[in-house]
Structures are given as structure tokens and as C-alpha cells.
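Trainee: Structure in C-alpha cells, see below.
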Amino acid sequence: MADKKIAKRPGSLTTDETTEQIAQAIYDLESNVAELKKDLKIFQITSAKEVCHCLFCQPESCNAMQSIPGAINSLANNNLQHFIKCEVVGGKKAIVISVPVPLLKQYQHNNNKILQRLTRELEKKFSDRHIVFIADRRILRKPGRRSRIKQPRPRSRTLTHVHEKYLEDLVYPTEIVGKRTRVKVDGSKIIKVFLDSKDATSLEYKLDTFKSVYKYLTGKDVEFQFPAHQLE
């Protein structure tokens, strides 16, 4: 029955263990918690991935590294031979749960308390992990000069838009009140994201998780902060 909680993509025949565990946990909550039964009835996920922030590990030892652009080559060039425990910065791993775009929007706008309750319940069950929900968005390549595709690419499918939406999904239910891009001397960039200070108490412990997950999703460095003048 837990399979009903997985919205399988076209052509997808199997699901991984983490996705099945999350689907089963959501199904159990729907079945056993009366106040969640109605609200979780239509809730589905497309996948669930465990994310590690791996600074020192063998690339073949950690599946999360496969999705970080350039990380594998970087580690190989430094000849790091020993596997050291993979964790999100701050001491916990994270599970990134992808949800169909229309469904996540619906829960964010209409059932926001349910989504927060679901996050808390899943973090109780998977006590050594942080839970993060994102929309299952797709990026379309920018058409080349010789491309036969004449239909314009929707902005919602551009890399820039998808990466911006990832930020909003990660920090939900708080709001982003400002962003800056800092360029270092070596040319590398880091995005500074400022969050609404009213949620500082409830979200501060997760900022390192957001940072690691965004790096996993996009390969970009980011820092999440609460504006100092708002906290005074």
C-alpha cells in the first residue's frame, strides 16, 4: 500500500530503499494518526535521497558524492585514500524528499501546517537525519544555434529559476528577505541568503543542512544568515 505514496516517473520501474522507507513512513502516519489521515491522503513523493556533506572520503564510498559537480575529481587529485564518516555539516545526515511541483505548491500555500507537522513526524522516526522537502523540478538545456526546437523554453525550466526555487523550498516556511553574491579573489562565488529573523529560533539549527543540501543539488556554495539588525 505504501507504493501509492510514490508518484513514479515515466519509464521508472524500481525505487530505491530510502524512497520506500519514506513512503512507508508517510503511509503509516496517514493510517495511524487520525488528524493527518485526510490531509495526507493525496500526498505523494517522487524520490527520497540521503545527502552527505563529504569532505574527506573515497568517492566510490558515498553515493551522494556522485551528484556534486567536480567533487570526485577534486578528491582524486588530492589522493585522499581513507573513508571518514560522511555527514552534513553540523553532525547530521539529511534526507531530501522530492514532491511533484503542483502538489508541493498546494501544501505550501493551503496546508502549510501539515507540511511542517509531517517534517517533525518524519524527523522523529529518522532521528539521526534532517528532513527537507523540495519540488521535483526539471531543467531544460538552453537551445543551441543548430537546435531544431522552435518552441521557447519556459522560464520555469531554466537553470537559474530552478536553483532559485530550490532555495525557497529548502528554507520553507520562512521567507528569503535578501540575497547577495560574493566573488572571492580566486574567482569563486558564494551566495549569501538572508532569512526572516522571526524564524531564527526554529530554523537556526538547520542552516548547515540547507547549505549542504544546496551544494548537493546545484554544486554552488551558499551561506544562510539572519540579518543582524533584525535580531537586535
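Computed from the coordinates by the stated procedures, all read-outs in this text should not be read as laboratory data. Note that the structure is a prediction, hence the values are computed from the model and not measured. Cβ: placed from backbone, ideal geometry, glycine included. Neighbour counts: every protein chain shown.
Trainee: Beyond 19 Å between alpha-carbons counts as too far, so tell me which of 165/215; 125/206; 105/192; 4/206; 179/211 fall in that bin.
Mentor: Working: 165/215 14 Å; 125/206 17 Å; 105/192 25 Å; 4/206 30 Å; 179/211 14 Å.
Check vs 19 Å cut-off fails for 105/192; 4/206.
Trainee: Can I get the semi-axes of region 116-232's equivalent ellipsoid? Compute them from the C-alpha gyration tensor as square roots of 5 times the eigenvalues, in angstrom, largest first.
Mentor: So the three semi-axes of region 116-232 are 30, 20, 13 Å.
Trainee: While we're here: Of the trypsin sites (Lys or Arg not before Pro) in region 92-191, which ones lie in a loop per DSSP and count no more than 12 other C-beta atoms within 10 Å?
Mentor: Taking region 92-191 and a limit of 12 other Cβ atoms within 10 Å, the loop trypsin sites (Lys or Arg not before Pro) found are 138, 141, 145, 146, 148, 150, 184.
Trainee: Something else: Could you tally the net charge around residue 203, taking each other residue with its Cβ under 15 Å from the Cβ of residue 203, Lys/Arg +1 and Asp/Glu -1? Could you put the intermediate results ahead of the total?
Mentor: Values: positive: 92, 120, 198, 206, 211; negative: 123, 168, 169, 175, 196, 199, 204, 208, 223.
Computed value for this residue: -4.
Trainee: Just the projected area, averaged over all directions, of the convex hull on the alpha carbon atoms of region 99-143: how many nm²?
Mentor: 4.2 nm²
Trainee: Check cross-link reach from residue 5 to the aspartates and glutamates: straight Cα distance under 12 Å, and skip same-chain residues fewer than eight apart.
Mentor: 20, 28, 30
Trainee: Turning to a different aspect of this structure: Once the convex hull of the alpha carbons of region 171-232 is built, what does its volume come to per residue, in cubic angstrom?
Mentor: 89 Å³
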